[in-house]
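> The structure that follows is given in the form of structure tokens.
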Amino acid sequence: MTAMTWTRGDGRTSARALERARARERAHRIAAARDLPLLTAAALAFVALGEVSGRGHGPASELAGLPGLLAVALGATVPLAFVRTQLLLTATALTTAALLAPIAYGRPLYAGIPALAAALYAVGRRRPGRTAVLFTVPFTAYALTDGAGPYGVALLTCAAGAVGAGNARRAKAESARRTAADWAYADTALAHAALGERARIARELHDIVAHHISTISVQAETARYTTPGLPPEGAERFLAIGDTARLALTEMRRLLGVLREDAPAEPAAPAPRSPQPGLDQLVALVDEARAAGGGAVRLIVRGRVTALGPGLELTAYRIVQESLTNARRHAPGVAVDVELHYREGELAIRVRDCGPGPGTGSAHASDTQGHGLLGMRERIAMAGGTLHAGPAPAGGFLVDATLPVRNPTS
């Protein structure tokens, strides 16, 4: 019963949200209608003419008579029809007419107030704030005169409110555009970083894969000449294996060239050449981290150590290396535990520091989506493993990775 009640309530909430969205869409469609300013100006002009049909008793009405009153009534409403094409002229005309109406008509012209509010709202919405504020100056001066009375205060409030509402809407729209631009920039930077990480991983694995493919080609060629009693069909197959291995090596080098072209530009100085590292160098890596960071770094190995493929060893080494680098950068001087657990069919890697963890304002909080963990995720995805990086249960930061282990000879 409880679940059913919640479902119905949720359905009613969704229906109301959908109805509100439809209402907003209809309002936007109406506001964007091409003839809306013209129709609104015509309607307000009709009302204004009705207001002045009884002839006012202001000073201007005695001099200009009914034509003057009609001119003021039309001047306070008709310019609204041009608000989209001549905004500043429209706002100026409506402001002048609104201030002249009490003099010519002898009392406020209420039909001109909506037209004035709409024009000043458009000024605040589409023009800089300094320009919009200038339109409130005449109403401020008029409200301070002796004969303005409550109408002057109300007119100033209407003008200031319309300009303020337009400015607020413009600021909200600009903030939304800046937010969208920031997200687009962040997505582009993340994609660029991911591309660079993939290219770097491909370059690191190139030597390992190229060595194995070259070995296949050499062994196939050697078998053709060293296998006694090899039939012609077998020699042809060995020849085909060698050709296929050489073709695969060529295609791999072409693919690596494409990755190099798409990756970010590298420094002009060439990187020093050295063999790709493996797990047998973890002790040296831990010693180096201990000496550089000044904190206690422990290496814990559990389970029965088994031989891994060169690519998998490189992935495991890079994960530990990046984790130690992050710990040294964001939590310098704290203790770090590096644990390798050899299990049946998988290798678990846990690197945990005793720092403040990824709390609010900490450096680890920004690095949870940084380039370091991005590179780890790319390597783990390539190896078919899993990765978790975040706050440790008892405090600090934890990197927990699992790599599937396969027999390198299989």
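> Taking the simple approach of a point 7 Å from Cα along Cα-to-Cβ for both residue 46 and residue 171, what is their distance in nm?
3.9 nm
> If 382, 376 are ordered by their accessible area, calculated over protein heavy atoms with a 1.4 Å probe, which sequence runs from highest to lowest?
In descending accessible area the options line up as 382, 376.
> For residue 185 and residue 253, compute 0.36 nm times the residue count separating them, minus their Cα-Cα distance, and round to one decimal in nm.
21.3 nm
> Can you figure out the FRET efficiency of residue 237 with residue 22, using R₀ = 56 Å and their beta-carbon distance, to the nearest 0.05?
0.20
> In nm, to one decimal, how far is the residue 194 label point from the residue 84 one, both placed 7 Å along Cα→Cβ?
The two pseudo-label positions are separated by 4.2 nm.
> May I pose another question? So what is the relative contact order for the range 120-175, in percent, with contacts set as C-alpha pairs under 8 Å and at least six apart?
53 percent
> Extending each Cα 7 Å along its Cβ direction at residue 53 and residue 346, get the distance between those two points in nm, one decimal.
My value for the distance between the label points is 8.6 nm.
> Round to the nearest 0.05 the FRET efficiency obtained for residue 131 and residue 154 when R0 = 30 Å and r is the Cβ-Cβ distance.
0.80
The values are calculated or read from the model by the stated rules, or taken from the named source; none is laboratory data. None of the values given here were measured: they were computed from a predicted structure. A quick note on method: Cβ atoms are made from the backbone with ideal geometry, for glycine too, and the neighbour counts reach across all protein chains shown. Note: areas computed on protein heavy atoms with side chains; ligands, DNA, RNA excluded. Shrake-Rupley method; radii C 1.70, N 1.55, O 1.52, S 1.80 Å.
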